[in-house]
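Visitor: This is the structure, below, for whatever I ask next.
All of the numbers you see were taken from the coordinates with simple rules; none came from a lab. Computed from a predicted structure; not experimentally measured. Because the Cβ atoms are built from the backbone with ideal geometry, glycine has one as well, and the counts that use them run over all protein chains shown.
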Amino acid sequence: MVKKLDIQFIKSELKKINNLFLSGNYEKVIEKTKVLLKKDPAQTPFYNFIGLSYKQLNNLQMAEDTFKSGINIRPDAPSLLCNLGALYRTTERFGEAEKLFEKAMKLHPKNLSVLVNYANLKSDLNQINEAIDLYKAGFEINDNHETLLINYAGAFQIKGDFENSKKILKILHKKFPNNIIAHKMYSSINNYEKDTEHQIEMQNRLKDEKLSFFDKATLCFALAKSYTDQKNHKESSDYFIKGNENMFKNYKNANINNQIELFQKIKNEFKLHQFDNKKQNHKPRLIFIVGLPRSGTTLTHQIISSHSKVYGAGELPVLKNAFLKNNQLELREDVLIKNLNIEKFSSKILGKFMIYDKNSIILDKAPLNFMWIGHIHLLFPDAKIIHINRNIKDTALSIYKNMFDASALTWTYNQEHLIKFIELYKDLMKFWRHKLPNLIYECDYEKLVNDQENETKKLIKFCNLDWEDNCIDHTKNETGIKTVSLAQARKPVYKSSVNLYEKYIEFLPFLNQIKE
């Protein structure tokens, strides 16, 4: 039996450990908590602190082992089941994660953490209606939970249900006025031509000098969008500049040289490699839409995934995680051609894609997969690769106008880095066209929006699919959209974005430095 004195001691030590964890001193958390764990191995928080610290230090195996050890002692502990499930989720072991969340749901059907974690997994798998049902169940238990509310609102946005998303975001604004992300989410789906109340609220919020660089950037991007709605190009440009400058300050170690080195290594890998350039006439297992961000990849994704044989999976991290070391800009040793076991590796990666839908063609629209075109063709010679071309200045403007979630896109927040990345992209695409002539479908965004039906028929034919009238109206496609295009891609095709840069070039002169 644990003595009262021991309970007080444990509480005191856990408070100290929690402070260490919040300050980011993960090594010290592990050191101190392991000492406590030896004294009392039945304490669930000990396993959580150690496991989460290992996760933060990117030692995922030790994190997994720690959570499993805790579950062996406390098999019904919801926090341990959730933390191990969340770990599996981040490493794309979705089947194992789901089993853990299902177990936790049976044991603790009204546990908020269980509901939110399980809903997050469903969202990852594009099972957005099931995710919403889980968030709703959590909301009915506790409508005062910040993380739940932000995810619930986000799920409605992914689905395209913007009115319900607004309702949840308004609750967030009221209960958690310091949540800046909620302002950005609201701005992405609100029309400021008619409603300026929220615009004024954001301007007042931005006056707070205590805001972090990230929060300032978030508000600036949201305000810039509001002025874009009002066609006030000068004000929107000013806020875009401020947003990008603050965001770039948030990434102190941002370095375009790492990107330059990676692109050169990729070219060196395939410089002497001879591909089999035979066209495949059967249905592919995989379709990849690639290009620069904001080039029209989401629109193309919605059009092609309207086909009954295609599952639109959105932007998947599968290839990025497969080819880069710990998500850094460095190639893994086992993906170098000299070390690559093509049959084994392709089977492993294909399995990760098939998790989303075993019976359909999987469509992945992660734009930066253009880096992996050589690997894609090497591993999946029957895969279809569609490259989206858009007026490069329009694309650059659209990139600069948006705030992205991924830390891998730090080059988007600096004008010089953005110009350089576009040069790198154009050079690498030229390299791939030379290595793989006639195997990459070049889809022209401007042609697609001006002659949607004919261009769509060409896309469907390239994918070796039979024509379906569903593909004409992508607005009926219920596939979830998780990118910054979530509002635009729900609309009918519009042409107002063609040559849009001309309205901004006076205020964003760096666009003149981008070569066509």
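Visitor: Tally Lys/Arg at +1 and Asp/Glu at -1 over every other residue whose Cβ is under 13 Å from the Cβ of D444; what's the total?
Guide: Spelling it out: positives minus negatives among the neighbours equals -2.
Visitor: Between N326 and K348, what is 0.36 nm times their sequence separation minus the Cα-Cα distance? Round to one decimal in nm.
Guide: 6.2 nm
Visitor: Return the distance in nm (one decimal) between the two label points of a simple spin-label model at K99 and N25, each offset 7 Å from Cα along Cα→Cβ.
Guide: 3.9 nm
Visitor: Run the numbers for N129 and N499: contour at 0.36 nm per residue of separation, minus the present Cα-Cα distance, in nm.
Guide: 129.5 nm
Visitor: Aspartates and glutamates within cross-link reach of K365: Cα-Cα under 13 Å, excluding same-chain residues under 8 positions apart?
Guide: E315
Visitor: Using Cα-only point scatterers and the Debye equation, what is log10 of I(q)/I(0) for the range 273-513 at each q in 0.09, 0.11 Å⁻¹, rounded to two decimals?
Guide: -0.38, -0.57
Visitor: Then there's this: Report, in deg cm²/dmol and to the nearest 500, the calculated mean residue ellipticity at 222 nm for the chain, where each DSSP H run with n ≥ 4 adds -39500 (n - 2.57) and the sum is divided by the residue count.
Guide: Computed mean residue ellipticity for the chain: -18000 deg cm²/dmol.
Visitor: Nearest 20 debye, what's the magnitude of the dipole of the range 273-513 about its Cα centre given +1 on Lys and Arg Cβ and -1 on Asp and Glu Cβ?
Guide: Once rounded to the nearest 20, the dipole reads 400 debye.
Visitor: What distance in nm separates the simple spin-label points at N142 and D238, each placed 7 Å from Cα in the Cβ direction?
Guide: Spacing of the two 7 Å Cα→Cβ label points: 4.3 nm.
Visitor: Based on the mean of other Cβ atoms within 10 Å per residue, sort peptides 47-54, 84-91, 8-15 so the most packed one is first.
Guide: Ranked by mean Cβ neighbours within 10 Å, highest first: 47-54, 84-91, 8-15.
Visitor: Quickly work out the K11-to-D382 label distance, labels modelled 7 Å from Cα along the C-beta direction, and quote it in nm with one decimal.
Guide: According to this spin-label approximation, the distance is 6.4 nm.
Visitor: Continuing with this model, one more query. Going toward the positive end of the dipole of the chain, with +1 on Lys and Arg Cβ and -1 on Asp and Glu Cβ, which of L336, T196, V35 do you reach last?
Guide: V35
Visitor: Going down the list K99/K122; K358/K457; K32/K68; K426/K458, which pairs span over 22 Å between their C-alpha atoms?
Guide: K358/K457; K426/K458
Visitor: Around K175, under 14 Å between beta carbons, what's the net of Lys plus Arg minus Asp minus Glu among the other residues?
Guide: After counting each charged neighbour, the total is +1.
Visitor: What ranking do V498, V290, V335 get, fewest neighbouring Cβ atoms within 10 angstrom at the top?
Guide: Ordered from fewest to most neighbouring Cβ atoms within 10 Å, V498, V290, V335 come out as V498, V335, V290.
Visitor: Also, I was wondering about something else. So for the chain, what are the equivalent ellipsoid semi-axes in whole Å, largest first, each being the square root of 5 times an eigenvalue of the Cα gyration tensor?
Guide: Equivalent ellipsoid semi-axes, largest first: 39, 30, 24 Å.
Visitor: What FRET efficiency would be calculated for the residue pair D444, L336, taking the C-beta separation as r and a Förster radius of 25 Å, to the nearest 0.05?
Guide: After rounding, the FRET efficiency stands at 0.15.
Visitor: Using a/c under 1.5 as the rounded threshold, could you call the range 39-98 rounded, prolate or oblate? The axes a ≥ b ≥ c are square roots of the C-alpha gyration tensor eigenvalues, and prolate needs a/b larger than b/c, oblate otherwise.
Guide: Verdict is oblate for the range 39-98.
Visitor: List, largest first, the extents of the alpha carbons of the range 77-154 along their principal axes, each in whole Å.
Guide: Its Cα atoms span 29, 26, 18 Å along the three principal axes.
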